[in-house]
1. Is the stretch 1-72 rounded, prolate or oblate when judged by the Cα gyration tensor, a ≥ b ≥ c being the square roots of its eigenvalues, rounded requiring a/c under 1.5 and prolate requiring a/b larger than b/c?
2. Quick one: angle between helix 463-480 and the longest Cα principal axis of the chain, in degrees between 0 and 90, rounded to 10, please.
3. Go through Lys284/Lys401; Lys295/Lys325; Lys43/Lys214; Lys61/Lys101 and tell me which ones have a Cα-Cα distance over 22 Å in this structure.
4. Taking amide H positions as placed 1.01 Å from N in the peptide plane, with prolines and chain starts having none, which residues 5 or more places from Cys193, or on another chain, fall under 5 Å of its amide H?
5. Cα-based Rg of the chain per 2.2 N^0.38 Å, rounded to two decimals?
6. Given H placed 1.01 Å from N in the peptide plane, which residues other than close sequence neighbours of Val267 have an amide H under 5 Å from its amide H?
7. Relative to the compact globular guide of 2.2 N^0.38 Å, what is the alpha carbon radius of gyration of the stretch 259-341, as a ratio?
8. First select every other residue whose beta carbon is under 13 angstrom from the beta carbon of Leu157; then total the charges, Lys and Arg +1, Asp and Glu -1.
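The values are calculated or read from the model by the stated rules, or taken from the named source; none is laboratory data. Quick caveat: nothing in here was measured; it's all calculated off a predicted structure. With ideal geometry, Cβ positions are generated from the backbone for all residues, glycine too; neighbour counts draw on all protein chains shown. In case anyone asks, the SASA skips ligands and DNA or RNA and just uses the protein heavy atoms, side chains included. Shrake-Rupley method; radii C 1.70, N 1.55, O 1.52, S 1.80 Å.
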Amino acid sequence: MAKLWAGRFGNDTSVLLDEFNASLPFDKNLWEEDIQGSCEHAKMLYSIGLLEIQELDSILKGLAEIREEIEHNKFLFNIKDEDIHMAIESALSQKIGNAGKRLHTARSRNDQVALDFKLYCRKHNIALQSLLSELIATLLHIAKEHTHTLMPGMTHLQHAQPISFGYHLVAWCVALKRDIERLQASYHRSNDCPLGSAALAGTPYGNERENLAKSLGFTHASLNAMDSVSQRDFALDILYDIAMVMLHISRIAEELIMWSSYEFGFVSFSDGFSTGSSIMPQKKNPDVAELLRGKSGRAYGNLMALLTTMKALPLAYNKDMQEDKEGVFDSIQTAYISLKILTQSLKELQINKENMLKMCQKGHLVATDLADFLVQECNIPFRQAHHITGICVRYAETQSKDLSKINPNDLELILQQEIIKLKQDSTQEQSIRLDNLTGENLTQVLDLENSMQKRNSLGGCASAEVKRQIHVLEQWLHKIS
Ligand code: ARG
């Protein structure tokens, strides 16, 4: 079978070259976009007088038949056709004869591939946004039920301050919201249509490009033909957007893995989303979450690969750019399956409030509250309040107790002693007050629930504030859906 570009060649290409050069085995993924682009291109050719109406009709009819055949797996892909663009064009010519041979007027495969791939990225950009929205909605649903569920908030993976489980989930949601906004920005940036750029320099046919762009869902035609066929920024954008999604999924997965261990026991995965061991009969492993964590690697790899491929290419099109597709297909597939499985496994996740509460009784979570109390009620400068609280923590350690479990009256005595020492060295002793330093007040200070509820600053973990944050996110989801 002769190649569409065989005219200037005396002999057939080598079989090795055919295999090496072809992108058809993977770019057949672009068939739908290729047909869509060709239909609109043909209509444009008719509108500027380059096709007769009968020719346009038979092109559209032929392309519709090809669509049917591909949809029903009846289309014969032949690697000799090299890529999806030539596979469809030669099938069309075989079907309809001469009219098919006019379709490639005023375009090149360079603008054709730029168009197809851009349309593909845009289609999946939108689909990824809706999968992310579903994940956020699922998390918010769980978060709503847990705005009072105490759990230890951590820094350095060490107990820090009491928060709620709902608050932690909202933190995840905000990161995922940024992922959607990043995709929206990429979509917006890819609003210019490359079709009509031809090989690199435009055409002598007076292509009508603005309406064509709109008919393909873009807002406008691209400004410069040379840039249009040379750039793959839109592909890099979606690769980066997905790398960020996978980074967030990986961090979420890591926490779920930790939380489902015996050591934490905060959550457990349903049987449907857990796996066993081939040797240890008792095991229930979080393989799903581990795979989610692991898959970030390939998403970063795909981004790095295309950045590297594009790095030093001279303008305009170079065949190196054919390497742009497989990584994007892989990242999109990876993000799809990861988002779907994460959402579903969260829907079935069991949450163990008791273990979360138990964990709050370790690690002196209320220490900052005690320091804040000394500042707010005794007017002690924060740095000194920090030091005095540290002494109380040391005392609790010697008693092998959590600070929250120390008898408030004992604590009152220690604090009094320390504050008196402070008054003796301090130049501002006049302003330090002791009247509110009572066992009763300290009981409040040491209470975990109080500690969480007091942090009601904007963005804080108090239940009412978390409910407000959930509301903001729900409103936003509603607006974008
Ligand atoms: N299969 C090619 C690709 O994916 C299409 C563009 C080919 N253009 C060319 N001038 N060789 O990049």
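1. Note, shape of the stretch 1-72 comes out oblate.
2. 10 degrees
3. Going by Cα-Cα distance, Lys284/Lys401 fall outside the 22 Å limit.
4. Distant-sequence amide H within range of Cys193: His220, Ala221, Ser222.
5. The value comes to 1.38.
6. Ser260, Asn352
7. In units of the 2.2 N^0.38 Å rule of thumb, it is 1.62.
8. Here the count lands on -2.
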